[in-house]
1. Go through region 24-38 residue by residue and turn each phi into a ³J(HN,Hα) via Karplus (6.51, -1.76, 1.60, θ = phi - 60°); whole Hz please, and just put x for glycine and proline.
2. Which length gain, in nm to one decimal place, applies between residue 117 and residue 144 when the Cα-Cα distance is subtracted from 0.36 nm times their residue separation?
3. Could you identify which residue out of 154, 140, 19 has the top mean-square fluctuation in a GNM of the chain using Cα springs shorter than 10 Å?
4. At 222 nm, what value in deg cm²/dmol follows for the chain if DSSP H runs of at least 4 each add -39500 (n - 2.57) and the sum is divided by all its residues, to the nearest 500?
5. Arranged by the count of other C-beta atoms within 10 angstrom, fewest first, what order do 82, 179, 164 take?
6. Got a sec to turn the phi values of region 42-53 into Karplus ³J(HN,Hα) couplings, 6.51 cos²θ - 1.76 cosθ + 1.60 with θ = phi - 60°, whole Hz, x for Gly and Pro?
7. Let me know the Kirkwood hydrodynamic radius for the chain, please, with Cα pairs as the basis and the value in Å to one decimal.
8. Please give the net charge around residue 153, taking every other residue with its beta carbon less than 14 angstrom from that of residue 153, where Lys and Arg add +1 and Asp and Glu add -1.
Amino acid sequence: MNRPELPRFQGRVVPWITPWSGGPTLPEPLVLAPGGRGIAYADEGVRDRTYDGVLLGRGRARRAPGGGGRPLYDQVDPRRQHHAADLLLCQICGRRPPPSPRGLLWLLPGAADHPAEDALVLGPPLCPDPCALLAVAQCPALARGHTAVRVRYPRAWGYRGVLHTTDLRPAGEPVQLPHEDPRLPWLLADLAVTRLMGCAVVDLAAETAR
Ligand SMILES: [Zn+2]
């Protein structure tokens with residue numbers, strides 16, 4: 001398959017879900033939803049909620065093409081992460097990874113001695129080559145140790161975010177809530193959580209040699 005060049009910064013590939021400092025942080029003017037049954041944005045638009053109605057963080061504006069700034073590798077664009085997790089797009093190139101009867105590929109930080117089955121993950125899948133290879137070469141956490149897993153049944157599990165009170169203040173540290181959780185109307189979600197089922201640990205070198 002012919003794939004366009006991935007964007008780079010100082011020689012390093014910039015993942016599709018990584019925001020750039022050149023895009024300003026978008027305002028998130030919280031108000032009570034109609035009927036006081038949750039939170040909403042005062043200027044809410046169609047892109048501000050997930051398909052099941054959860055309020056999604058806005059992150060940063062897309063920088064203009066050729067605009068300045070640097071990639072913020074320690075941050076994730078909420079809209080792009082949600083879009084990639086929802087449609088199972090590659091977190092590096094933003095495209096659909098090549099299909100395989102053995103499932104899509106995920107990279108989990110840490111050595112292979114922990115079971116991946118039923119793991120809850122915040123990262124979308126990756127194409128084996130070149131995206132997973134680039135991720136291992138460039139990401140310090142993955143370079144220290146990682147487990148490559150083929151996943152036959154990735155399932156949308158829920159969202160990570162911060163719960164808010166009725167006076168619109170953050171209610172504490174980020175939490176992960178499943179889709180059926182009654183507190184979801186009060187969550188300002190920043191990441192979709194995926195449950196990995198039907199997992200098989202694989203050797204990334206062998207995967208990319210196929
Ligand atoms: Zn990819």
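Quick note: the coordinates plus some simple rules give every number you see, no bench work behind them. No experiment lies behind these values; they were computed from the predicted model shown. Positions of Cβ are backbone-derived with ideal geometry, glycine not excepted, and every protein chain shown enters the neighbour counts.
1. x, 5, 7, x, 10, x, 7, 9, 6, 5, x, x, x, 9, x
2. Using 0.36 nm per residue and subtracting the Cα-Cα distance, I get 7.6 nm.
3. Most flexible of the set in this elastic network: 140.
4. Result for the chain: -3000 deg cm²/dmol, rounded to the nearest 500.
5. So the ranking, lowest neighbour count to highest, is 179, 164, 82.
6. Ordered by residue, 3J(HN,Hα) equals 4, 10, 4, x, 5, 8, 8, 10, 6, 4, 9, x Hz.
7. Taking the inverse mean of 1/r over all distinct Cα pairs, the chain comes out at 18.2 Å.
8. Its environment carries a net charge of +3.
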